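**Q** Handing you this structure, nothing more for now.
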């Protein structure tokens, strides 16, 4: 009987240890990435588009950005171009990158992906997205 009790105790300890590591992974990696923009969306500078769930991933030599953007402009776009501007806590521009969204009808959401020159993610305090034009 004591053998089974000891085995159960070890399994419980291993489970608690694994759960702890998953919590740490979620807290430090997923929460900062997922909280860049609120779930109800943030308007672009011109007010015609709304972006959601913007995430930033450090790839060591560059930064990868992804998220969703919604077309509220009332115009269908074959291809729409946007610029992202990243600022530090003193509101100084750190870096800029561009991305394109293809097949972007009015009223629809699309995923977007971008990459930019490496900037320490800890320095980035806020960002903006601006509509640049269309094809």
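**Q** Could you give every pair whose Cβ atoms fall below 9 Å, whose first residue belongs to segment 122-135 and is at positive phi, and whose second residue is part of a strand (DSSP E or B) and at pLDDT 95 or above, counting only separations of at least 6 or pairs across chains?
**A** 133/80; 133/81
**Q** Over 12 Å from the mean Cα position of the chain (by Cα) and either at pLDDT below 95 or part of a loop (DSSP other than H, G, I, E, B) (or both) - does that describe any residue in segment 49-58?
**A** Among the residues of segment 49-58, not one is over 12 Å from the mean Cα position of the chain (by Cα) and either at pLDDT below 95 or part of a loop (DSSP other than H, G, I, E, B) (or both), which makes the answer no.
**Q** Mind checking whether some residue in segment 98-108 is in contact with a helix residue (DSSP H, G or I) (Cβ under 9 Å, 6 or more places away or on another chain) and at pLDDT 95 or above?
**A** The answer is no; no qualifying residue exists.
**Q** Also: Could you list all residues from segment 62-97 that are exposed (fewer than 15 other Cβ atoms within 10 Å of the Cβ) and either modelled with pLDDT under 95 or assigned to a strand (DSSP E or B) (or both)?
**A** 62, 64, 78, 79, 93, 96
**Q** Condition test on residue 76, is it touching a strand residue (DSSP E or B) at 6+ places or on another chain (Cβ under 9 Å) and farther than 14 Å from residue 44 by Cα?
**A** Here the answer is yes, as residue 76 does meet what is asked.
**Q** Please list, ordered by first then second residue, the pairs with beta carbon atoms under 6 Å, 6 or more apart or interchain, first in segment 37-50 and in the same structural domain as residue 130 (by TED's automatic domain parsing) and closer than 17 Å to residue 75 by Cα, second assigned to a loop (DSSP other than H, G, I, E, B) and at pLDDT below 95.
**A** 50/41
The values are calculated or read from the model by the stated rules, or taken from the named source; none is laboratory data. Small disclaimer: the values here were computed from a predicted structure and weren't measured. Cβ sites come from the backbone with ideal geometry, for glycine too, and all protein chains shown count toward neighbours.
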